[in-house]
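Here's the structure, in structure tokens; my notes come after.
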Amino acid sequence: MYGASQPVSAVLLAPLTDPVPGLQSYLDSYLTPDVQQLDLDSWLGNSAVVTAQQSRCIAAIGAALRSDWS
């Protein structure tokens, strides 16, 4: 066992190259945690990176943030 588990406080939606209209509100109505759009501009210091560009980079960012639990 890994210890006490923490409840999920928010679900972050990654930027999409092709936005799905109503996805955030749909998930928000069915999930208990708050559903929010991930805003990479706020993390990157307001770099004005286009949303489509963010969506192409999200896998690399996720891989860089990954930590292996062994």
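Points worth noting:
- Kirkwood-type radius of region 10-65, with distances r between different C-alpha atoms, in Å: 12.2 Å
- Amide H contacts for Val35 (H built 1.01 Å from N in the peptide plane; partners 5 or more residues away or on another chain; cut-off under 5 Å): Val11.
- Ordered by the count of other Cβ atoms within 10 Å of each Cβ, fewest first, Arg66, Arg56 give Arg66, Arg56.
Each value in this text was obtained by applying a stated rule to the coordinates, not by laboratory testing. Small disclaimer: the values here were computed from a predicted structure and weren't measured. Counting neighbours? That spans all protein chains shown, and the Cβs are built from the backbone with ideal geometry, glycine included.
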